[in-house]
Amino acid sequence: MRWVPPVIILVATLLMTAAGPPLWVVWDSGIDDGIYSIFWSYLAVILYAPFLIALMGGTAAAFRGMWISTRRTDLAAELALGSTRRQLVRAHVRAGAREGLAATGIGLGLGAVVAQLGEGFGPGYWDANALWLWLTVFAVGAISLVGAYTLVASWATRGSVAHVASGAPLPRAEARRGRRRTLTKVAVWCVALAVAAGVALWAVGGDTDLEVSGWRMAVTWVASSVLFALLYLAVPGVLAYGGARLGIVSARGLSRAVAAGAQPGGARALAHDALSRPTPMRTAAMLTVVVVMGFSTAMTVLSSGTWGRDAVASDLSPHATVSSVRLDTLAWADGLQTPGWAASLPGDLIADLRSDERLTVLSAGVLTTDPREVPIDAESSETETHQDVLLAVHGSAISALQPDARVALGMGPATEWESWTVGSVGAFAADDSYVQMDGERRETTMYGSTGPWSGVDRDWAESTWGAAPTAALLLYPAGDVPVSDVLADYDLAAVETVTFNPDDLAVYSQSLAQTALVTGCFLLVAIAMVIALAWSSQRLRAKDHATLLALGATPGALRGATALEAGIGVLTAGAAGVVGGAAVGVLLDAFFGTAPHGAGEVLAAVGFTLSVVPWGMLAALVVGAAALAAIGASVIRIRLDRLSPAAQLVEAQKAGLP
């Protein structure tokens, strides 16, 4: 148990390094080097740093706490001989630094070897990204172990010498005061740093022009980095701590409900007694479960919203278009077009296509805007003349074809959406989007994701620029006959017709198996912590359990209590993580994925996102993790039940347990 925390950091460092780029990249290795920068680079490690530190540090802290619980007599002796609590904590911090540096160094070396062996050898080049990744991973690993040792040492040396020696929890009032004092200090420091950074930004005026004032730019970047770090670390920290506290309170409440009416000495009563005792090691284990499920749920909600909107856009993308004008400005051979509503399609063709039972048809007006100058690309100051070609469809028709579309894709009034295939929208300077025709300009909000076509709401457009003729028909199959085969029966020589390959309209769907696999791997770490906690707690309570057995308690009751204690803890912590992660994911999705105009649109977008989240998969992960933790903990108890009560007492005395 003594060397488990450094080994955890070593293995984690090895895996993170091996997953990154090698130091020497071979030209013809057959591996796409760009994949490293996309999925795993030093920037990715920095982005996931709070999650990684919480997971690695929480795991190391739990095992460190289990080990130090068997060394309380030594700690009490050092305190009794004159050592101060601060000296003991510093000694453990130094030990964490030594072991952290050694573990991360060895892990980096082994991971670098694995990465290079996977790449191979031959003509190539040195990749500096590997060095940056190594430095970042080294810092994350060392910080995780030092933080774990610091937390455990601070916890183990609380209270008087008698408290340290016995391991008895502090009185609830005293523990609450200590926790409040610590949180107050952290809050004061965070607020002070935020205020100082804000004052610095205000004083320099946010100057980032190096040629004008280098020191002002330096102050601006430092202050901005401080504010970003506070927000980046404080928010996940508060959510993780709050989730762990919620999990603990929920576990006690659930155990109280389970124990209602139970016989003293029974499994339910013993489990409630165990969960009612404050145990920092359990807090660390539950914190890890909360972090894993919270992070996974937040990412699942965010990706579910994105994939859900993409799926709606894909289902709404036409299989073919029939129009009176070309719908792509790049295909215009005769330069700019006359702004305004395009001319109507022939009435008989519209009637024939609408009445064809093999087709589902959406009618659209086609609006060509006034010419405007747009940048050639994001990095160029050069511009070119562009006209937007926007399809205008009634919202009621869209809802009839795809009920979720208007909410999912933000197809409301004054919203403009863009597609790469149907219609055309040029870039806007500084995101100042608008529609202008015949000098009449209306501001719009650009939708954040790709739409089924480039367009605006027809009712909104007609309220400004008058009634629109039906200049385009968007066609979809109403059965098994492809739209292209249906159009072969019509004479379309006088109109513009474009058909699309249905396979090109498909989007990547959310892989529930992949999400469950990734989350499950992290959950296995948390479950291992809970099982190890069960093993440690069984050893620490060896005398109590041996006494209970001698007084008539059955081994089955102890096994059941152990399983309930582990299962309830994981269940409530996992549920707390799902709730917190869902809240964060919804906020991120609303910020990045939609373009709502008001509270109603925000709530509608949130409702759509929540409707496509795979709650069943998340619930199955939580329940499965709780079941595995319960089974593993009961197996630990079964192994101990092989010994008689007297033998268990002897083992406890040999281990030096109180």
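The values are calculated or read from the model by the stated rules, or taken from the named source; none is laboratory data. These figures come from a predicted structure and were not determined experimentally. Every residue, glycine as well, gets a Cβ built from its backbone with ideal geometry; the counts of neighbours run over all protein chains shown. Only protein heavy atoms, including side chains, enter the accessible area calculation; ligands, DNA and RNA are left aside. Shrake-Rupley method; radii C 1.70, N 1.55, O 1.52, S 1.80 Å.
Is there a residue in the stretch 586-598 that is assigned to a helix (DSSP H, G or I), open to solvent by 40 Å² or more (accessible area, probe 1.4 Å), under 26 Å from residue 621 (Cα atoms) and modelled with pLDDT of 85 or more? Working first, answer last.
Taking the stretch 586-598 first, the residues assigned to a helix (DSSP H, G or I) are 586-592.
Subsequent filtering for residues that are open to solvent by 40 Å² or more (accessible area, probe 1.4 Å) retains 587-588, 591-592.
Okay, now just the ones that are also under 26 Å from residue 621 (Cα atoms), so 587-588.
If we keep only those that are modelled with pLDDT of 85 or more as well, we get none.
Checking the stretch 586-598: not a single residue is assigned to a helix (DSSP H, G or I), open to solvent by 40 Å² or more (accessible area, probe 1.4 Å), under 26 Å from residue 621 (Cα atoms) and modelled with pLDDT of 85 or more.
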(1) part of a loop (DSSP other than H, G, I, E, B); (2) in contact with a helix residue (DSSP H, G or I) (Cβ under 8 Å, 6 or more places away or on another chain): which one isn't true of residue 327, the others all being true?
(2)
Output the number of residues of the stretch 449-479 satisfying the condition of being touching a Ser or Thr at 6+ places or on another chain (Cβ under 8 Å), buried (at least 16 other Cβ atoms within 10 Å of the Cβ) and farther than 22 Å from residue 496 by Cβ.
3
Please report, ordered by residue number, the strands (runs of 3 or more DSSP E) entirely within the stretch 402-485 with at least 3 residues that are not aliphatic (A, V, I, L, M).
415-418, 440-443, 445-450
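Before we move on, is residue 282 part of a helix (DSSP H, G or I), touching a strand residue (DSSP E or B) at 6+ places or on another chain (Cβ under 6 Å) and of a type in the set (D, E, K, R)? Quick ask: steps written out before the conclusion?
Values: part of a helix (DSSP H, G or I): yes; touching a strand residue (DSSP E or B) at 6+ places or on another chain (Cβ under 6 Å): no; of a type in the set (D, E, K, R): yes.
In short, no.
Yes or no, residue by residue, for (1) outside any helix (DSSP H, G or I); (2) of a type in the set (Gly, Ala, Ser):
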site	(1), (2)
118	no, yes
122	yes, yes
135	no, no
141	no, yes
144	no, yes
Taking the conditions exactly as written (assigned to a helix (DSSP H, G or I), under 30 Å from the mean Cα position of the chain (by Cα) and either aromatic (Phe, Trp, Tyr) or modelled with pLDDT of 90 or more (or both)), does residue 59 satisfy them or not?
no
Just give me the residues in the stretch 83-116 being surrounded by 14 or more Cβ atoms within 10 Å (Cβ to Cβ) and not in a helix (DSSP H, G or I), in sequence order.
83
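Right, residue 517: in a helix (DSSP H, G or I), modelled with pLDDT under 70 and out of contact with any helix residue (DSSP H, G or I) (no Cβ under 6 Å at 6 or more places or on another chain) or not? Reasoning before the result, please.
Values: in a helix (DSSP H, G or I): yes; modelled with pLDDT under 70: yes; out of contact with any helix residue (DSSP H, G or I) (no Cβ under 6 Å at 6 or more places or on another chain): yes.
Yes, satisfied.
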